[in-house]
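Q: Quick one: the structure is below, questions incoming.
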Amino acid sequence: MNSKADIQKQFYKIYKGYISISEFEEWLYKTQEIESIYNHDFYFNLLDLDYRKKHIKTELVKIIKMEIPLGEFEQSRIISLLKNIIFEKGDVVEIMEQLYDDYCSGYSFLRFLGLTYITGIDSIPKLMQGDEWDKNEFNSRREILNDIKPKLIKEAGRLLSFFQEERLIITEENDYRDYRKEEEKIELNNINRMFNE
């Protein structure tokens with residue numbers, strides 16, 4: 001049995017591209033609760049779409065976007081990425097790349113993490129041809145990550161605390177409210193100090 005929150009989560013996943021159109025379509029036909037939670041017309045509009053069309057996602061998003069609590073899901077996603085940095089879960093380079101994209105999309109509170117990615121992590125040598133690391137490149141990558149990691153963890157923890165205290169609240173995709181004091185917005189006011197600490 002799917003709740004409204006479960007359905008909204010699936011809408012968010014297709015909206016963000018975390019699942020394919022075919023996965024969404026398969027889920028849709030199995031989830032008849034959409035009709036009772038929303039209404040017959042809404043559900044029928046989803047069923048009536050031709051999921052084989054080239055630009056189906058644009059049509060689909062027009063129908064579902066208003067039903068997605070984007071702020072809530074975006075905040076949860078950002079918090080999860082920050083926790084992954086703190087607890088060293090997943091590939092830190094991929095996490096930082098995502099946070100850099102989020103910074104560029106409007107989450108300016110991620111400035112330090114975004115700039116650290118572009119000036120530090122993005123300069124880490126890439127895989128050689130044949131997907132094999134040269135020993136020197138591997139050691140260089142590990143050294144760069146080890147040097148940067150404590151700063152990343154510290155900043156992720158700082159931002160996480162602002163979310164926990166509700167002084168940073170994501171309201172919509174790429175939009176947020178910032179209730180911090182000016183001196184707490186160091187990533188916006190004095191980025192050089194952060195890099196030098």
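Q: Just checking, does the stretch 141-149 include any residue being farther than 30 Å from ILE34 by Cα, open to solvent by 30 Å² or more (accessible area, probe 1.4 Å) and modelled with pLDDT of 95 or more?
A: Scanning the stretch 141-149, I find no residue that is farther than 30 Å from ILE34 by Cα, open to solvent by 30 Å² or more (accessible area, probe 1.4 Å) and modelled with pLDDT of 95 or more, so the answer is no.
Q: What do you reckon, is TYR29 farther than 23 Å from GLN75 by Cα and among the aromatic types (Phe, Trp, Tyr)?
A: yes
Q: OK, next. GLY17 passes all but one of (1) at positive phi; (2) in contact with a Phe, Trp or Tyr (Cβ under 7 Å, 6 or more places away or on another chain); (3) not polar (S, T, N, Q); which number fails?
A: Just one mismatch for GLY17, condition (2).
Q: Output the residues belonging to the stretch 158-193 that are of a type in the set (A, V, I, L, M) and at pLDDT below 95.
A: ILE186, LEU188, ILE191
Q: Going by what's in this entry, would PHE163 be described as assigned to a helix (DSSP H, G or I), open to solvent by less than 80 Å² (accessible area, probe 1.4 Å), farther than 20 Å from ILE79 by Cβ and of a type outside the set (A, V, I, L, M)?
A: Spelling it out, it is not the case that PHE163 is assigned to a helix (DSSP H, G or I), open to solvent by less than 80 Å² (accessible area, probe 1.4 Å), farther than 20 Å from ILE79 by Cβ and of a type outside the set (A, V, I, L, M).
Q: Same structure again: In this structure, is GLY114 among the small types (Gly, Ala, Ser), buried (at least 17 other Cβ atoms within 10 Å of the Cβ), within 18 Å of GLY157 (Cα to Cα) and without any contact (Cβ under 8 Å) to a residue 60 or more places away in the chain?
A: When the stated conditions are applied, GLY114 passes them.
Q: When you scan the stretch 27-123 for helices (runs of 4 or more DSSP H) that lie fully inside it, which ones turn up with 1 or more residues that are more than 22 Å from GLN10 (Cα to Cα), over 12 Å from the mean Cα position of the chain (by Cα) and of a type in the set (Phe, Trp, Tyr)?
A: Ranges flagged: 111-119.
Q: Give the residues of the stretch 21-40 that are surrounded by 12 or more Cβ atoms within 10 Å (Cβ to Cβ) and hydroxyl-bearing (Ser, Thr, Tyr), sorted by residue number.
A: THR31, TYR38 - these are the residues of the stretch 21-40 that are surrounded by 12 or more Cβ atoms within 10 Å (Cβ to Cβ) and hydroxyl-bearing (Ser, Thr, Tyr).
Q: Let me ask something else about it. Among the listed residues LYS89, LYS135, identify the single one that is surrounded by fewer than 16 Cβ atoms within 10 Å (Cβ to Cβ), modelled with pLDDT under 85, over 21 Å from GLU184 (Cα atoms) and of a type in the set (Lys, Arg).
A: None of the others qualify; the one that does is LYS135.
Q: Among what's in the stretch 62-86 and is of a type outside the set (Lys, Arg) and loosely packed, with under 14 Cβ neighbours inside 10 Å, pick the residue that is farthest from THR171 (Cα to Cα).
A: Ranking the qualifying residues of the stretch 62-86, first place goes to SER80.
The values are calculated or read from the model by the stated rules, or taken from the named source; none is laboratory data. Source: prediction; values computed, not measured. Positions of Cβ are generated from backbone atoms using ideal geometry, with glycine treated the same way; all protein chains shown enter the neighbour counts. Calculation scope for accessible area: heavy atoms of the full protein, side chains included, ligands and nucleic acids excluded. Shrake-Rupley method; radii C 1.70, N 1.55, O 1.52, S 1.80 Å.
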